[in-house]
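The values are calculated or read from the model by the stated rules, or taken from the named source; none is laboratory data. No experiment lies behind these values; they were computed from the predicted model shown. Positions of Cβ are generated from backbone atoms using ideal geometry, with glycine treated the same way; all protein chains shown enter the neighbour counts.
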Amino acid sequence: MDRLYLSPPHLGRHELNYVLKALEDNWVAPAGPNLAGFEAELGAAVGVPYAVALSSGTAALHLGLLLLGVGAGDEVLCPSFTFVASANAITYCGATPVFVDSEPATWNMCPTRLREAIEDRLRLGKKPKALMLVHLYGMPARLTEILALAAEFDIPVLEDAAEALGSEWEFQPLGGFGRVGVFSFNGNKILTTGGGGALVTHERALAERALHLATQAKDPAAHYQHSEIGFNYRLSNVLAGIGRGQLGLLAERVKRRREIFAWYQQHLADLLPALILAPTPPEPPGTRSNRWLSTLLLDSEVTSVTPETLRHHLETHNIESRPLWKPLHLQPLFRDAPMYGGTVCEDLFRRGLCLPSGTAMTDDDLRRVARALSEALAD
Ligand SMILES: *Cc1c(COP(=O)(O)O)cnc(C)c1O
């Protein structure tokens, strides 16, 4: 049996044309028409005027924080339940993450814990310099409450929408709600350039500064003069070509990811209440998750099967699955970082698993996963 991967790249018909054109025209550089085209098309797709294509989502997070003025000794609010890159970018700036627990409906940052965290940091005389807002697995965070808190306490928001390209909140694409938004085009994301990322913003000055920092921060002089530390973070024109081909497929890819989640939900209904597909908060009109990964939760009061036994069983059928992100406050790396709450994301981590969710999966592939899950829970 072929291996079923969690979320492999899924190329379309047009990527090769853009890549070939770049090679034919000798635009094999971190500059060129694909880069400009990719940025314009990405901005249009997410409804934000300025986009800067970068070498990774992590690079985009790092630059985004620098644009918001985050530096040594600062604190940045961040969900504990996220991929390590969100918090690593904070440490690249010499700042410290202040972790906040999830809320059970969306799995994203809990507004109640967030208020506690902000008020407590203010009491300690440390006003958070920025708020890293993550939409995990594509699910929109509680934007109304979180943006209101950020406004109340005047804390700029950086939106880590690495997993949420194509998700929407009240008819608006995620990524454009903060001063800076970030996307990833890593190989496992909903669209890929093989490796890459982008920073988006409504402010022209921020976009110009991002581009400056991403290209070694050269002063305007022919002789390579530098007044501050820059980075080599630009995406290459060849890879931007892959991105252009992929972007045209966004709506189709979101549709298929959502179908896959709905398929699992329908065909695993027999396994209730031991296993549920989650998270499933109400999706009011205009609000939707891209369902980047389909994720499940097990109920330990109903079944003795754990996510780890499930994962091993799927592995015997050559099916890849993965635990949910291990909360960052439990990581040895962030042992000493402040944390507000913790039981919600710890519980999700103990009970959850990510299922194969690639858009190239066929219904036969999905049936294979469902059969293996049923088997594991029947034993
Ligand atoms: C993938 C991811 C990133 C990092 O993106 P890369 O392109 O892999 O550097 C950041 N944050 C989250 C939540 C991610 O899932």
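Within segment 292-335, the residues that satisfy the criterion of being more than 30 Å from residue 95 (Cβ to Cβ), in contact with a strand residue (DSSP E or B) (Cβ under 9 Å, 6 or more places away or on another chain) and of a type in the set (D, E, K, R) are 299, 308, 311, 320. Among the residues examined, residue 35 does not qualify as surrounded by fewer than 17 Cβ atoms within 10 Å (Cβ to Cβ) and either in the same structural domain as residue 166 (by TED's automatic domain parsing) or among the aliphatic types (A, V, I, L, M) (or both). Within segment 50-65, take every residue that is assigned to a helix (DSSP H, G or I) and near the ligand (Cβ under 10 Å from one of its atoms) and give me the one that is nearest to the chain's Cα centre (by Cα). Top of the filtered list is 57. The strands (runs of 3 or more DSSP E) located wholly in segment 275-379 that include 2 or more residues which are polar (S, T, N, Q) occupy 294-298. The single condition among (1) of a type outside the set (S, T, N, Q); (2) over 22 Å from the mean Cα position of the chain (by Cα); (3) at positive phi that residue 208 does not satisfy is (3).
Considering only segment 203-231, state which residues are in contact with a helix residue (DSSP H, G or I) (Cβ under 9 Å, 6 or more places away or on another chain) and of a type in the set (Lys, Arg). If the condition is that a residue be in contact with a helix residue (DSSP H, G or I) (Cβ under 9 Å, 6 or more places away or on another chain) and of a type in the set (Lys, Arg), then 209, 218 are the ones that fit.
Taking first residues from segment 177-194 that are in the same structural domain as residue 236 (by TED's automatic domain parsing) and under 21 Å from residue 145 (Cα atoms) and partners that are near the ligand (Cβ under 9 Å from one of its atoms) and among the small types (Gly, Ala, Ser), the Cβ contacts under 8 Å between residues at least 6 apart in sequence or on separate chains come to 181/161; 182/57; 182/60; 182/161; 182/162; 182/197. For segment 66-121, filtered to residues that are assigned to a loop (DSSP other than H, G, I, E, B) and β-branched (Val, Ile, Thr), the residue that is farthest from the ligand (Cβ to nearest atom) is 70. Of the residues 288, 351, 322, the single one that is in contact (Cβ under 8 Å) with a residue 24 or more places away in the chain, more than 27 Å from residue 250 (Cβ to Cβ) and among the charged types (D, E, K, R) is 351. Residues that are within 11 Å of the ligand (Cβ to nearest atom) and assigned to a loop (DSSP other than H, G, I, E, B) within segment 186-208 comprise 186, 187, 188, 189, 190, 192, 193, 194, 195, 196, listed in sequence order. Among the residues of segment 142-171, which ones are outside any helix (DSSP H, G or I), of a type in the set (Gly, Ala, Ser) and over 20 Å from residue 357 (Cβ atoms)? Listed by number, the list is empty, since nothing qualifies.
Being under 24 Å from residue 93 (Cβ atoms), away from the ligand (no atom under 16 Å from the Cβ) and of a type in the set (Phe, Trp, Tyr) holds for only one residue in 183, 153, and it is 153. Evaluate segment 127-136: report whether one residue or more is away from the ligand (no atom under 12 Å from the Cβ), under 28 Å from residue 235 (Cα atoms), outside any loop (DSSP other than H, G, I, E, B) and of a type in the set (A, V, I, L, M, F, W, C). Scanning segment 127-136 turns up at least one residue that is away from the ligand (no atom under 12 Å from the Cβ), under 28 Å from residue 235 (Cα atoms), outside any loop (DSSP other than H, G, I, E, B) and of a type in the set (A, V, I, L, M, F, W, C). The set of residues from segment 300-317 being loosely packed, with under 13 Cβ neighbours inside 10 Å and either over 21 Å from residue 347 (Cβ atoms) or acidic (Asp, Glu) (or both) comprises 301, 308, 312, 316. Within segment 206-235, being of a type in the set (Gly, Ala, Ser) and out of contact with any Leu (no Cβ under 9 Å at 6 or more places or on another chain) holds for 217, 221, 222, 227.
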